[in-house]
Amino acid sequence: VDKMTICADNAEKKICADNAEKKICADNAEKMAVYADNAATTRMSDAALSAMLPYLKEEYGNPSSLYAFGQRAKEELEKVRTFVAAAFRCEPREIYFTSGGSEADNQALLSLAALGERKGKKHIISTAFEHHAILHTLQKLKSRGFEVTLLPVHEDGLVRPTEVEAAIRPDTAFVTVMYANNEIGTIQPIREIGRICRARGVPFHTDAVQAAGHLDIDVQAECIDALSLSAHKFHGPKGVGALYFRKIYPLVSLVEGGAQERGKRAGTENLAGIVGLGAALKEAMTDCDGKRARISALRDKLIAGLKKIPHSRLNG
């Protein structure tokens, strides 16, 4: 009986030890997991989450309401708008909050197309490796009689400004070129392209979803007329973005209803999300040079290691 009890105790201890070991392995595996797709989405920062919480629980007023509770919400909304405008060197009235980058892309392109159509201009210039939010919208415009020129992307992952200039015609309605590519990461020569478009009197839009919050963008110096961004690409919440649209151009509303966003984007504003966007952008812009240096060093180390693999090559 004593021997049997000892065996049972030992067996129980072994089971416990095995379970403990499995738990340790599971814990270690969880700690060792590496998320390497920040181009798809980023983890929301603590700063963004903390900034949002009051507007989800206590200060949940509707910014369109006329009483004090709603007006406090409106004041916070405009505070974030002013900050975003300053971040990109434009005016607050040129910033419109959206549900994300795709909506901003759609609204920008359809607005510029409508303007071009009114002037008898139905030619559009873009690139072959744009995000589908751009490419699918261009496809829709083609079905409405627009002609689309998609410029090639060279081996270095870049579009040539000279090719943009050569493609511009008297009937070109607008040019749209992404700021940074979402697959190979190349940063396009936006300033040069913007200057060419401004000199030729052609509106220029850039999908800056992968660049905003990571690069210093000046829409005035870079001659950008419209720009799209999304909060979840720089540690903000999903489901909220913004569109910069130069005030000299008319913006077409995609959603009919109330008079929110100066009548250009109906629907009660996602105040908590917008506050989170502002907080995340503020945090992202802090010590940008230091962050870029750290990430660039990691990138170079990764590329150096991967190039040791036989037959591997870098595109972009």
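Table for the structure above
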{"quantity": "Region 150-161, subset of a type outside the set (Gly, Ala, Ser) and open to solvent by less than 40 Å² (accessible area, probe 1.4 Å), residue farthest from Glu183 (Cα to Cα)", "calculated": "Pro161"}
{"quantity": "Residue check, Arg294 on the phi > 0 side of the Ramachandran plot, not in a loop (DSSP other than H, G, I, E, B) and not polar (S, T, N, Q)", "calculated": "no"}
{"quantity": "Matching residues, region 297-316, being surrounded by 11 or more Cβ atoms within 10 Å (Cβ to Cβ) and either assigned to a helix (DSSP H, G or I) or touching a residue at least 24 places away in the same chain (Cβ under 8 Å) (or both)", "calculated": "Arg299, Leu302, Ile303, Leu306, Asn315, Gly316"}
{"quantity": "Single condition Ala266 does not satisfy, out of (1) of a type outside the set (S, T, N, Q); (2) under 26 Å from Asp216 (Cβ atoms); (3) touching a Gly at 6+ places or on another chain (Cβ under 6 Å)", "calculated": "(2)"}
{"quantity": "Of the criteria (1) touching an Asp or Glu at 6+ places or on another chain (Cβ under 8 Å); (2) hydroxyl-bearing (Ser, Thr, Tyr); (3) open to solvent by 10 Å² or more (accessible area, probe 1.4 Å), which one Ser102 fails", "calculated": "(1)"}
{"quantity": "Residue list for region 142-167, filter: closer than 19 Å to Leu109 by Cα and outside any strand (DSSP E or B)", "calculated": "Lys142, Ser143, Arg144, Gly145, Phe146, Val164, Ala167"}
{"quantity": "Of all residues in region 258-309 being of a type in the set (Val, Ile, Thr) and within 20 Å of the chain's Cα centre (by Cα), the one that is nearest to Ser99 (Cα to Cα)", "calculated": "Ile274"}
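The values are calculated or read from the model by the stated rules, or taken from the named source; none is laboratory data. The shown structure was predicted, so the numbers you read here are calculated from the model rather than taken from an experiment. Every residue, glycine as well, gets a Cβ built from its backbone with ideal geometry; the counts of neighbours run over all protein chains shown. Heavy atoms of the whole protein, side chains included, go into the accessibility calculation; ligands, DNA and RNA do not. Shrake-Rupley method; radii C 1.70, N 1.55, O 1.52, S 1.80 Å.
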